[in-house]
Structures are given as C-alpha cells and as structure tokens.
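S.K.: Pasting a structure here, questions to come.
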C-alpha cells in the first residue's frame, strides 16, 4: 500500500509539472501575433476628417465605446461620453464571463504608440500583447485600407480625454484560453478601393461597417455563412429578445423589394434631431442598430452598400424582430 501511495504521489507531481509546463508554453505562444510596427502617423486635415467620418458613421467605433441612451430608440450616444467605454457585457447577455468595453480616448491610449493602436484594431491584442475579446471586431477591421486605418488612428488621438478606468475582463474556462488563440497574426496593408468600382467599394463598406456581424444568424455560437446577412441572430435585451433583419435581396423576407431610394431614406430618416430623440419605455421594443450613427453616412456610400447587397444570394428567412419577455415566459 505504501508503495502504491508513493508511486501515485510521484505520478501526481509529474502530471502537475507537465500541466504547469503546458500552461507556461501556451501563454508564451498565444496570442500569436506580430510585434507592433514602428509607425508614426501624420495628423493631416484630410485624415482627421476621414477618420471622424469612419469612427462616427461607418465603422462606428463610437457606438460601442460610448454611453448610449436606452430611453430613446436605437440608443443614441450620450453627448460627452464619446470613447469613454465602460459598458458591461456578461452572462445575462449570454456571455460566459464578464467583459468591459475599453476606453479609447487619449486618457487610456495616450501611452500607446500608433503601431500598438493599429495592432489592436486589426489583430486584436492590446499594448501589452494580451488578447482582446472578439466583441472587438478586429476580424472585420483587418480589412481596412491602410489610409482609412491611419485616418481612424489619427482621429482617435483627437478625442476628448475622459478619465474612466475600466475593470479587467473575467472569462470562464475554457473561453479564457480559447480567446488567446483568436487574434490575427498580422495586418497586411490594403489599398484604397475606388468609389467608381461600385461592387468592391460597396463590399468594402459592408465589411468595415460589420453588417454581417449582426445580420448573419449563428449556429452553436458561430455565424452560419450559408445564410450570411439573412438575419435572425438573437440578442438579449432586459425586456426581450431582438433579432436583426434579413438584408439579403429576397423579395418576400429580405430587402429585395426595396428601391435604392427607399434604402437610403430608411437611414437618413434618423439624421434629424427629432428621430434621435424618440422615447422608448423600458419594456418596449428597442434595437441595437445604431441608426443615428449610420444616418451620417453619405448617400453615395449608402447607395454603394445597397448595390452590393443586391448582388448577394437571396435567402428566404422570415425574422421575428422582437419577442418580449412576457411572451417568452408563456412558452
């Protein structure tokens, strides 16, 4: 018996050593990304103007990284909170753990190099090389043209510094390990797409505006690319479940019957002060779609998005956009 216990104890120690070595090796290898590039971006008026447009109206970084007023339709950004971060995403929303949206004002990013900000946006790791949770859509933003990427970084440097210290995330096992394997190794500079190339320009805007992220249904937590843009992905609100629309050109359940003018008008409706202040009660339908930000896109860009969406495969998928909690409880 003593011999058994002796060898069992040795086996436990050996197993512990192997596990510790594996843990150390894993954390030394992942995230597997290239070092931040030594880049200093020139803050030209053109870049600042383009960056402002992209951050506020296309890639809408300001959407997630600010406070939104959920007493109003579409949760418009609260003035004075642009970039401060702090929103909590947790298990009540279906996440295995807790993630806090980061502060992207110069208060938080002032010590970061331009190369480190670029790496965070396009590869998904922070200044210290730690993985960012993929709520940060780096897999889409990795497709930014080099000039647009530089413009975003330049504009972020001009945001008002807001003192807001964000808690660290706390992910459950095994997600805390999986997260480390997700960042993209590198960003290859992309050329700007000419607006005259309507198909590719529209595709580019749809990609960096991350339309697919919300409008593609998920299967076991992964986007179903066979039904890309078909809508129906579920988002938990305190008062119910929201499902984004089908934006494929299906005539019956998508936007196949919409004209370009109708598509553009749908966005531009939310560009007025009245539309930015539509009151919504706590138990009424609301949406995460940042209409009041996308409304600032130019008609030319919205038209290019429409033209591209008309070229994708139509998918018949009737979406029930909202199910209140009282209906869920009755099922």
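The values are calculated or read from the model by the stated rules, or taken from the named source; none is laboratory data. This structure is a prediction, so every number in the text was calculated from the model and none was measured. Every residue, glycine as well, gets a Cβ built from its backbone with ideal geometry; the counts of neighbours run over all protein chains shown.
S.K.: Among the residues of the range 258-289, which ones are in contact with a strand residue (DSSP E or B) (Cβ under 8 Å, 6 or more places away or on another chain) and either over 23 Å from residue 56 (Cβ atoms) or buried (at least 20 other Cβ atoms within 10 Å of the Cβ) (or both)?
M.R.: 279, 283, 285, 286
S.K.: Please go through the range 103-112 and give me each residue that is crowded, with 16+ Cβ neighbours inside 10 Å and closer than 21 Å to residue 34 by Cβ, ordered by number.
M.R.: 109, 112
S.K.: Shifting gears a bit: Residue 74 fails exactly one of the following numbered conditions: (1) surrounded by 20 or more Cβ atoms within 10 Å (Cβ to Cβ); (2) at pLDDT below 95. What is the number of that condition?
M.R.: (2)
S.K.: Let me ask something additional. For the range 186-199, how many residues are surrounded by fewer than 12 Cβ atoms within 10 Å (Cβ to Cβ), closer than 17 Å to residue 58 by Cα and touching a residue at least 12 places away in the same chain (Cβ under 8 Å)?
M.R.: Result for the range 186-199: 0.
S.K.: Here's something else I'd like to know. It is to be established whether one or more residues within the range 107-121 are touching a strand residue (DSSP E or B) at 6+ places or on another chain (Cβ under 8 Å) and assigned to a helix (DSSP H, G or I).
M.R.: Yes, that holds for at least one residue.
S.K.: So, one more: Quick one: is residue 183 in contact (Cβ under 8 Å) with a residue 24 or more places away in the chain and either surrounded by 14 or more Cβ atoms within 10 Å (Cβ to Cβ) or not assigned by TED's automatic domain parsing to the domain that holds residue 85 (or both)?
M.R.: Working: in contact (Cβ under 8 Å) with a residue 24 or more places away in the chain: yes; either surrounded by 14 or more Cβ atoms within 10 Å (Cβ to Cβ) or not assigned by TED's automatic domain parsing to the domain that holds residue 85 (or both): yes.
So residue 183 fits the description; yes.
S.K.: Quick check on my filter: what residues within the range 225-240 are within 16 Å of residue 75 (Cα to Cα) and touching a strand residue (DSSP E or B) at 6+ places or on another chain (Cβ under 7 Å)?
M.R.: As a first pass, look at the range 225-240 and keep what is within 16 Å of residue 75 (Cα to Cα): 235-240.
The answer is 235, 239, 240.
S.K.: Restrict the check to the range 200-207 and report whether at least one residue is more than 20 Å from residue 83 (Cα to Cα) and touching a strand residue (DSSP E or B) at 6+ places or on another chain (Cβ under 6 Å). Give the steps one after another, and end with the answer.
M.R.: Start the filter on the range 200-207 by keeping residues that are more than 20 Å from residue 83 (Cα to Cα), which leaves 200-207.
Going one step further and asking which of them are touching a strand residue (DSSP E or B) at 6+ places or on another chain (Cβ under 6 Å), we end up with none.
Checked against the condition, which is being more than 20 Å from residue 83 (Cα to Cα) and touching a strand residue (DSSP E or B) at 6+ places or on another chain (Cβ under 6 Å), the range 200-207 yields no hits at all.
S.K.: With the requirement that a residue be assigned to a loop (DSSP other than H, G, I, E, B) and either surrounded by fewer than 16 Cβ atoms within 10 Å (Cβ to Cβ) or free of Cβ contacts under 8 Å to residues at least 24 places away in the same chain (or both), what does the range 200-251 give you?
M.R.: 216, 220, 221, 224, 233, 234, 238, 251, listed by residue number.
S.K.: Of the residues 75, 83, only one is over 11 Å from residue 156 (Cα atoms), assigned to a loop (DSSP other than H, G, I, E, B) and either assigned by TED's automatic domain parsing to the domain that holds residue 167 or free of Cβ contacts under 8 Å to residues at least 12 places away in the same chain (or both); which?
M.R.: Only one candidate qualifies: 75.
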